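K.L.:
A single structure is presented below for examination.
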Amino acid sequence: MGFSWRFKKVDAQYTRKIQMANKVTFLQFGTGKFIKGYFDWILSKVDAEVEVFAAYFTPKQQYIDLKNNNCKYNVILKDIDSTQTDTIEVIKDIFFVKDTKTVLKLAHNANFIVSNTTEKGILSKDNEGESYPFILTSFLFEKFKLQNNQTTVIIPLELVLNNGDFLKKSVLKLVKEYFDNNFKAWILKTCEFVNTLVDCIVIKESNLNIEREKYYAFYSSKNSLLENLFSKKNLNIYFTQDIDKIAQIKIRVLNGIHTFLAVTTFLESKSTVYECFMDKNYASLIDEMFYSEILPTIDYDKCFVEDFYIKTLNRFKNHHIEHYLKDIAVNTYEKFYERIAKTIIDYERLYNKKPQILMRAFYNLKKMYPNNDNLNSFERYIESFADEKS
């Protein structure tokens, strides 16, 4: 079978063994400011020799500029007291995702796969070659044909609870539909999907400069290869069995507040998160929303959750961080489900009524997407994600 993001039912044939490269090679799906300013920045700090080959989905001038600069760029880290600039050179090439020559080459030696395709990318149900699960499955099939039996670690960064488990389920569903049991057995034997949680506010990218807060944290489920790679002691990286609980806290608190502000200020003059928290009315509203509507829905130590919230507020009040609400609002329809809708659902289960403050965000979501039939009611919106929930 020739390489394609579209495939049909086939019987796979093994070819030849390919030796893994000496370097630690990442195939990266997604080339936005977040993954470059956060995860690639982390990779630049590890002790191993790392090379990243980054695939973009939509051609943009900024990717041409990056390639013309030998994929070198700066990350500017800011907190209230200081600023520092790090030059990042871990990306060895950046290419269009449909560049089959480059992708086939990477099937030989890329044994770490990382993605940041947003919630929209990982939740997409498109089976015609455009969704990330479909593209990942097709790439893994190329490794399978090469009889590349080195362990492949798959690291989704998308903000979906248990994102690794979800991605694995999506891949195996496609394998069942299009391939035979030999490919399925290979995936189960050689592919390790990790659940992750990312935490860093990356602000903007311009002229090969990415601005972000200094704070960052990376949480992952247990994985020996990843733990070995990130074994450097001074990295803010955690491997934990509570990844799903911590992810729920971060998504519902930090990301939930972000999305709430983005949709509730949709028709107002506010432009940044910082502006909102300098407004006493918004600061008071967020406080009430957290304590009365978000905190009760999180099944975890309440002191830990409250401490996370207080630290989050302090990060939001960093005057150096111009986190634009219009940027947060990108792909809001899909983001809203994980970040706010699930909180509304759990609140209604607890109290047999919907939370008034969080529902304001849903009503504004309807204004942002006036022609979307799924937003006629909250229940209809939830039904649009029925396949994801099952």
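The values are calculated or read from the model by the stated rules, or taken from the named source; none is laboratory data. Note that this is a predicted model, so its numbers are computed, not measured. Counting neighbours? That spans all protein chains shown, and the Cβs are built from the backbone with ideal geometry, glycine included. Ligands, DNA and RNA are stripped out before the accessible areas are found, and what is left, the full protein with its side chains, is counted by its heavy atoms. Shrake-Rupley method; radii C 1.70, N 1.55, O 1.52, S 1.80 Å.
K.L.:
Along Cα→Cβ, 7 Å out, is where each label goes; now give me the distance between the ones at E89 and E130 in nm to one decimal.
P.N.:
3.9 nm
K.L.:
Antiparallel DSSP bridges in the chain: what percent, to the nearest 5?
P.N.:
Beta bridges within the chain, antiparallel portion: roughly 35 percent.
K.L.:
Can you tell me the 0 to 90 degree angle between the C-alpha axis of helix 163-178 and the longest principal axis of the chain, rounded to 10?
P.N.:
50 degrees
K.L.:
Can you pull a Stokes-Einstein diffusion coefficient for the chain at 20 °C (1.002 mPa s), Rh from Kirkwood over Cα pairs, as a whole number of µm²/s?
P.N.:
Translational diffusion coefficient: 97 µm²/s.
K.L.:
Taking each pair of different alpha-carbon atoms in segment 250-390 once, compute 1/r for the pair, average those values, and report the inverse of that mean as the Kirkwood hydrodynamic radius in Å to one decimal.
P.N.:
Across segment 250-390, the inverse of the average 1/r is 15.5 Å.
K.L.:
Hey, another quick one. Could you state the accessible area per residue of segment 284-360 in Å², with a 1.4 Å probe and every protein chain left in place?
P.N.:
48 Å²
K.L.:
Can you pull the one-decimal nm distance between simple spin-label points at D287 and K98, each 7 Å off the Cα toward Cβ?
P.N.:
Going by the 7 Å Cα→Cβ label model, 5.3 nm.
K.L.:
Moving on to the next point. Can you tell me the Rg and the Dmax, both Å, for the Cα atoms in segment 193-326?
P.N.:
Using the Cα atoms of segment 193-326, the pair Rg, Dmax is 16.3, 48 Å.
K.L.:
Suppose a student asked you for the relative contact order of segment 241-390, using Cα pairs under 8 Å spaced at least 6 residues apart; what percent would you report?
P.N.:
33 percent
K.L.:
Please list the three semi-axes, largest first and in whole Å, of the ellipsoid equivalent to segment 278-346, using sqrt of 5 times the eigenvalues of its alpha carbon gyration tensor.
P.N.:
Taking √(5λ) for each eigenvalue gives 21, 18, 12 Å, largest first.
K.L.:
For segment 268-310, what is the Kirkwood estimate of the hydrodynamic radius, computed as the reciprocal of the mean inverse distance between distinct Cα atoms, to one decimal in Å?
P.N.:
Taking the inverse mean of 1/r over all distinct Cα pairs, segment 268-310 comes out at 11.5 Å.
K.L.:
Calculate the FRET efficiency for S44 and Q356 from the Cβ-Cβ distance with a Förster distance of 41 Å, rounded to the nearest 0.05.
P.N.:
According to the calculation, E is roughly 0.35.
K.L.:
Can you compute the radius of gyration and Dmax for segment 130-255, using only the Cα atoms, both in Å?
P.N.:
Values for segment 130-255 (Cα only, Rg and Dmax): 16.6, 48 Å.
K.L.:
Where only protein heavy atoms count, and the probe is 1.4 Å, what is the accessible area per residue for segment 158-281 in Å²?
P.N.:
In whole numbers, segment 158-281 has 43 Å² accessible per residue.
K.L.:
Work out Dmax and Rg for segment 191-264 from the C-alpha atoms and quote the Rg first, both in angstrom.
P.N.:
14.7, 43
K.L.:
Give me the three principal axis extents of segment 202-241 from the C-alpha atoms, as integers in angstrom, largest value leading.
P.N.:
Reported extents, whole Å, longest axis first: 37, 17, 17.
K.L.:
Moving on. Would you work out what percent of the accessible area of the chain, with all protein chains in place, is carbon or sulfur (probe 1.4 Å)?
P.N.:
So the carbon and sulfur contribution to the accessible surface is 46 percent.
K.L.:
Taking 10 °C and 1.306 mPa s as the conditions, I'd like the Stokes-Einstein D for segment 65-197 in µm²/s, using the Kirkwood hydrodynamic radius from alpha carbon pairs.
P.N.:
It diffuses with D of about 96 µm²/s by this estimate.
K.L.:
Next question. Compute the length gained on full extension between Y300 and K173: take 0.36 nm times their separation in residues and subtract their Cα-Cα distance, giving the result in nm to one decimal.
P.N.:
The Y300-K173 span can extend by a further 42.5 nm.
K.L.:
While we're on this one: Leaving ligands, DNA and RNA out of it, rank Y300, Y309, Y333 by accessible area with a 1.4 Å probe, largest first.
P.N.:
Y300, Y333, Y309
K.L.:
Output the pairs from K23/K214; K317/K342; K33/K98; K98/K335; K270/K335 with a Cα-Cα distance over 23 Å in this structure; if there are none, say none.
P.N.:
Result: K23/K214; K317/K342; K98/K335 exceed 23 Å.
K.L.:
Quote the accessible area belonging to V273 in square angstrom, nearest 10, computed with a 1.4 Å probe and with ligands, DNA and RNA left uncounted.
P.N.:
V273 exposes around 0 Å² with every protein chain in place.
K.L.:
While we're looking at this one, here's another question. Just to be sure I understand the model, the point goes 7 Å from the Cα along the line to the Cβ. What's the resulting D165 to L267 distance in nm?
P.N.:
4.0 nm
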